[in-house]
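Contents: one structure, followed by commentary.
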Amino acid sequence: MKISVVIPVFNEENHITSCLEHLFDQEVLPDEVIIVDNNSTDKTISLAKKFPVKILTEKKQGIIPARNKGFDAAKYQILGRIDADTLVPRNWVKGIKKRFELDSELVAFSGATFFADQKLERILKITGKMYYSSFKKIMGSDCLYGPNMAIRKDAWEKVKDFTCKDDNWVHEDADLSVHLTDKNIGKVVFDPDFLVEVSDRRWKKISFSYLDYPHRYLKMIFSHNSFFKKLFK
């Protein structure tokens, strides 16, 4: 079983080198790494070219079109997905492959993230637990998490036409979870102990993210959950 790892990027010169150094320092190396350039204007791509990666370009701005471009182009059975500021542990690829090899019903798998900053990490644990537990209770499935996830290529082919295409309306990872479950494609599993480190850059200062993340989450819940769709029809 082989794995393609897809990394959407937009002006990530401060993070892409560390991300790729960790990805290519694995106990089991990825079989393909795809960088999807989403209109970067800095040194992201020149830095990425120092590694054995395939570089694609997606002109339509947004994580959803960039992710889709990479997933569609990937060659192998498992599609890994991380962010440009994700630092994976040395057993990440090995762990992803093992999960799918041991469970034929598993179509998508995800883990959690942690911050090096301990104060922010405590906040992340609290908010993350609330997010994933509420998602499962309301939507009836585990939730994938973009900086640390993988999906079978054949499952992606079955569900991609049903996924939402507007970044302003949904969290793309959670949306993918919903459609995999709704279409009965197979089992989706989230393991909070399967961890990668991510940058805390978005949370060190007050920013639009504090309002945008919960706002999109609520919009997605109301538009995807059958109870709310009937209630507001």
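The values are calculated or read from the model by the stated rules, or taken from the named source; none is laboratory data. What you see is a predicted model, and the numbers here were worked out from it, not measured in a lab. FYI the Cβ positions are ideal-geometry reconstructions off the backbone, even for glycines, and counts take in every protein chain you see.
Given the structure, is PHE51 out of contact with any Pro (no Cβ under 9 Å at 6 or more places or on another chain) and touching a residue at least 40 places away in the same chain (Cβ under 8 Å)? Give the derivation first.
Values: out of contact with any Pro (no Cβ under 9 Å at 6 or more places or on another chain): yes; touching a residue at least 40 places away in the same chain (Cβ under 8 Å): no.
No: the conditions fail for PHE51.
From the list ILE64, ILE45, which residue is under 20 Å from TYR145 (Cβ atoms) and outside any loop (DSSP other than H, G, I, E, B)?
Going through ILE64, ILE45 in turn, just one is under 20 Å from TYR145 (Cβ atoms) and outside any loop (DSSP other than H, G, I, E, B): ILE64.
Give me the pairs: first residue in the stretch 65-80 and of a type in the set (Phe, Trp, Tyr), second residue assigned to a helix (DSSP H, G or I) and at pLDDT 95 or above, beta-carbon distance under 7 Å, and six or more apart or on different chains, which are they?
Pairs found: PHE71/TRP156; TYR76/LYS153.
Quick one: in the stretch 67-111, which of the residues that are assigned to a helix (DSSP H, G or I) and of a type in the set (Asp, Glu) is nearest to the chain's Cα centre (by Cα)?
So, considering only residues that are assigned to a helix (DSSP H, G or I) and of a type in the set (Asp, Glu), the one nearest to the chain's Cα centre (by Cα) is ASP72.
In contact with a helix residue (DSSP H, G or I) (Cβ under 7 Å, 6 or more places away or on another chain) and under 19 Å from LYS94 (Cα atoms): does that describe VAL36?
No, not satisfied.
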